[in-house]
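What follows is a short report on a single structure.
All of the numbers you see were taken from the coordinates with simple rules; none came from a lab. Computed from a predicted structure; not experimentally measured. Here Cβ is always computed from backbone atoms with ideal geometry, including for glycine, and neighbour counts include all displayed protein chains.
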Amino acid sequence: MRHIIRYPLLLFVLWFGNSCASPPVPVPAQVEPEPPQMPRYSLDVEGIEAESPGRVSLYYTLRGENHAAWDAGLEIQDWKALLNGVEGVPPAADSGLELVAGDGTTSRLRLTLDLPEDGGDFDEYQVTLRLYLAGPGGNLPVQVETVFPRIREPEFAITSIAILKDELVNTRLRVDLRIENPNIFPVTLSSFGYELYGRDRFWANGRERDVLEVPPRGFAEARLLLVMNFINMPRDLLDEVIALGKVPYRFAGNVLVNTPVPLLPSFKMDFDRQGISEVLN
């Protein structure tokens with residue numbers, strides 16, 4: 001009993017000290033600062049127009065939306081055009097990337113390209129336009145891709161020239177023609193004007209207005225009836241051609257080509273072909 005009463009003061013001090021101790025102060029969590037708002041840009045394709053199978057103009061709309069604390073615009077520092085994934089596509093000789101209209105937050109752009117005449121055997125073009133816009137820390141890239149069908153000109157070749165009737169002044173000729181269509185869609189030919197030269201001399205000309213359809217990746221044959229006037233050439237030249245059975249020819253003219261492609265529903269095509277044809281008598 002004496003042992004228990006000996007330390008009442010000590011127990012009281014320990015109890016009172018623990019009850020009066022201050023609780024630990026919580027450390028506030030660190031809040032990460034919000035990243036600064038950046039301008040937002042979008043680039044969209046609005047339309048495509050073609051002047052010919054080898055020249056196309058693409059129209060774009062560039063839009064800007066600014067929520068930043070600093071002024072921003074649509075200043076284009078640099079641009080690139082890629083054709084089928086290949087960089088360095090040259091713009092048209094008298095054009096390139098042009099500003100058509102703009103009001104500070106929206107700009108309408110036009111990109112005109114001269115397409116390569118022989119780019120391999122493919123059926124579509126893919127054009128990627130990449131813009132580099134002025135930003136606070138450097139250039140801000142934005143890009144868009146568009147795909148459109150490749151349109152190629154039909155190919156003409158004379159397969160034979162037949163002499164139908166030999167008269168005193170005139171000779172009637174029949175020219176068999178083969179037209180090949182390298183496109184994946186059909187084409188129709190109309191308003192077909194031509195000139196025929198044999199052995200570097202003018203023989204005859206004509207114009208056909210009947211519509212001729214050529215199937216996709218196929219060919220069609222046409223037969224032209226011409227009249228050759230001997231006033232324009234010596235008679236002995238015709239006799240020599242008949243004796244040889246073959247003649248070097250030149251076939252030149254123009255034709256209106258119609259396509260089912262909205263990009264280029266019709267276009268006028270000039271042609272000038274040379275070869276050697278069999279002469280049938």
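Ranked by the mean number of other Cβ atoms within 10 Å per residue, highest first, peptides 248-255, 264-271 order as 248-255, 264-271. Just to confirm a number: summing +1 for Lys and Arg and -1 for Asp and Glu over residues other than Ser277 whose beta-carbon lies under 10 angstrom from that of Ser277, what do you get? For residues surrounding Ser277, the net value is -1. In straight-distance terms, cross-link reach from Lys165 covers every one of the lysines whose alpha-carbon lies under 19 Å from its own, apart from those fewer than eight places away in the same chain; here that gives Lys246.
Annotation: the residues Ile151, Ile179, sorted from fewest to most other C-beta atoms within 10 Å of their own C-beta, follow the order Ile179, Ile151. One compactness figure for the stretch 166-212 is 1.51, namely its Cα radius of gyration divided by 2.2 N^0.38 Å.
With R₀ fixed at 25 Å, the C-beta to C-beta distance from Asp118 to Asp200 puts the FRET efficiency at about 0.35.
In terms of surrounding Cβ atoms within a 10 Å radius of their Cβ, Phe185, Phe192, Phe148 rank from fewest to most as Phe185, Phe148, Phe192. Sorted fewest first by neighbouring Cβ atoms within 10 angstrom, Val279, Val144 come out as Val144, Val279. Whole-percent P(r), the stretch 155-280, all Cα pairs, 5 Å bins from 0: 2, 10, 20, 24, 16, 12, 8, 5, 2, 1, 0.
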